[in-house]
Each structure stands twice: as C-alpha cells, then as structure tokens.
C-alpha cells in the first residue's frame, strides 16, 4: 500500500509502512520512501525514509534509525536517531540519540547528546538560537604549526 496503513497495522496499532498516521496521530514517512524537495510539516512527524532537500517542521520531528537525510532541517523539537547530512536548527531543542550520525551544524537553545553519537560540525546552544550558525573553515596545518613554533 503506497499511502496509509495496512489493515494488519491498523488492527495492531502499528506504524504505517509507507506514509500515514500512527494511533497517536503522528505523520510517518516510512522506510523505503524517498522525497526530493521541501517537506513542510505540521504535527508530530516520524521520518524513517530518505529525504533530499529541506525539512520544515512546526512541531516534534523524529528522524528514525533507518532514515537517510540529506537536507537542511528546521523545527521546534527535533530528535535524531538516524543519519543526517545537513544543518539542523531547532527553536526548542535537539536530541541526538546514540544511533545518530550528524554531519552538519546544529543550533538550538537546548541540546542533548547520548553516548555513541557521531557528530561532525559546529554546535550552538543558548538563547542566541535566532542567529545562524556560521561554518568554520578548517585551518591549514602549516598555519597551526607556524603558530605553535612562533614562525610565520
């Protein structure tokens, strides 16, 4: 079934296998689904598929363990369990669970990281969440060595 729940999942209260709703009215983009472009989401959402582009969420967004995201993500409350290549900005908080792999900058007033997270990027927390995170250029090794030895 392309959209919605199968009858088996509906009877058992399970999550939709492609795209649909759970019993708690969360929107789900299931494993095996792929979206290219901009996703604008209202309501709590779980993404277990692939997204390339941009994700804009008004409520809680959960990137599931099987998700592969290559997108800029913005939302209120964001939980990452899967793989994200791109910047993440939250107005409330970002939680990176132990299975998360994030390659990009993250910015939120509150940030939580579990042991085992893979994170490569810059993190910004505190009350300045309205200011964008600026990428940091990697310093040249010879510049670092010159600073350490005092030569230029």
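Each row is one residue, and each column tells you yes or no for (1) under 16 Å from residue 46 (Cβ atoms); (2) assigned to a loop (DSSP other than H, G, I, E, B).
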{"site": "70", "(1), (2)": "no, no"}
{"site": "74", "(1), (2)": "no, no"}
{"site": "77", "(1), (2)": "yes, no"}
{"site": "93", "(1), (2)": "no, no"}
{"site": "99", "(1), (2)": "yes, yes"}
{"site": "107", "(1), (2)": "no, no"}
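Considering only residues that are part of a loop (DSSP other than H, G, I, E, B) and either in contact with a strand residue (DSSP E or B) (Cβ under 6 Å, 6 or more places away or on another chain) or surrounded by 15 or more Cβ atoms within 10 Å (Cβ to Cβ) (or both), which ones fall in region 24-42? Spell out how you get there, then give the answer.
Filtering region 24-42 for residues part of a loop (DSSP other than H, G, I, E, B) gives 24-26, 30-33, 42.
Matches in region 24-42: 26, 30, 31, 33.
Residues that are buried (at least 19 other Cβ atoms within 10 Å of the Cβ), within 14 Å of the chain's Cα centre (by Cα), closer than 21 Å to residue 125 by Cα and modelled with pLDDT of 90 or more: does region 52-59 have at least one?
Initial filter on region 52-59 (buried (at least 19 other Cβ atoms within 10 Å of the Cβ)): 55, 57.
Among the residues that remain, those that are also within 14 Å of the chain's Cα centre (by Cα) are: 55, 57.
Still in the list and also closer than 21 Å to residue 125 by Cα: 55, 57.
Then drop every residue that is not modelled with pLDDT of 90 or more, which leaves 55, 57.
Scanning region 52-59 turns up at least one residue that is buried (at least 19 other Cβ atoms within 10 Å of the Cβ), within 14 Å of the chain's Cα centre (by Cα), closer than 21 Å to residue 125 by Cα and modelled with pLDDT of 90 or more.
The values are calculated or read from the model by the stated rules, or taken from the named source; none is laboratory data. Predicted model only: the values in this text are computed from it and were never measured. Quick reminder, even Gly has a Cβ in these numbers, built from the backbone with ideal geometry, and neighbours come from all protein chains shown.
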